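Here is the structure we will look at.
The values are calculated or read from the model by the stated rules, or taken from the named source; none is laboratory data. Since we're looking at a predicted model, the values are computed, not measured. Cβ placement follows ideal geometry from the backbone for every residue including glycine, while neighbour counts extend to all protein chains displayed.
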Amino acid sequence: MNILTVNLLFSTLVFWIAAKLYLFPKLDLLEPRTVLLPILLLHAFRHLGLMFLAPGAVYPGIPPEFTYPAAFGDLLAAVLALIAIPAVATRARSAKFLVWLFNIEGTLDLILAIALATAYDAAPLMGPAYWIPAFWVPALLVTHYITFVVLLRGRWTTTGVAS
C-alpha cells in the first residue's frame, strides 16, 4: 500500500467520523436545502483539480491518462455544482434533478480519478497537487455520500426542496 492510499483512507475516515458526530444525528431535522447548499459550495471549488495540468503543481512526466480526466472531470463537477446552487437556493423545480446530475457525475469522476491514479502510478509525480487526493478528495467523497442520503430521503416537494 502506498502513502497516498493511506492518506486518502485516513482522511476519509476522519471526515466520515465528523459527519457521523455532527451531521447525521441532525439530518432528519434539517431541510435538504440547508444541507445541500454548503456541500454544493464546497464542490464549486473543484475547478482546483485543474492543478493537475499546471506545471509546477505536478512533476514532469505525470501521466496524462490520469491528469486530463481528473482535471476536466473536476471542472465539470464544479460547473454542475454552480448550476445547482441557485436552483436549490430558490427551491426551483429543477433542483432535485440538477443535484442528482451533479452528484452522479462528481462521484463517478472521483472513482475514475482514484482508479486512474492507481493504474498509472501517478502519486509519485503529483508534487504539490498531492494535497488534492490526500485531503480534498476524502471530503468530497463523504459529502457525495451525504448528498445521496439527502436525495434518497424523499423530502423534496414538487416546487423543489422541502421547507
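Numbers below:
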read-out: Considering residues of region 56-72 that are among the aliphatic types (A, V, I, L, M) and in a loop (DSSP other than H, G, I, E, B) only, the residue surrounded by the most Cβ atoms within 10 Å (Cβ to Cβ); value: Ile62
read-out: Which listed residue is more than 25 Å from Tyr120 (Cβ to Cβ), surrounded by 16 or more Cβ atoms within 10 Å (Cβ to Cβ) and modelled with pLDDT of 95 or more, from Leu48, Leu75, Leu80, Leu53; value: Leu80
read-out: Thr107 vs. criteria within 20 Å of Arg155 (Cβ to Cβ) and polar (S, T, N, Q); value: no
read-out: Residue that is within 13 Å of Tyr130 (Cα to Cα) and among the polar types (S, T, N, Q), where the choices are Thr90, Thr67; value: Thr67
read-out: Residues of region 101-154 that turn out to be exposed (fewer than 15 other Cβ atoms within 10 Å of the Cβ) and not in a helix (DSSP H, G or I), as a count; value: 3
read-out: Test: residue in region 44-54 that is part of a helix (DSSP H, G or I), touching a Ser or Thr at 6+ places or on another chain (Cβ under 8 Å) and closer than 20 Å to Thr107 by Cα; value: yes
read-out: Search result, residues across region 88-119 that are closer than 20 Å to Ile146 by Cβ, among the small types (Gly, Ala, Ser) and touching a strand residue (DSSP E or B) at 6+ places or on another chain (Cβ under 7 Å); value: Ala95
read-out: Residues located in region 19-56, provided they are of a type in the set (D, E, K, R) and either farther than 22 Å from Val149 by Cβ or under 15 Å from the mean Cα position of the chain (by Cα) (or both); value: Arg46
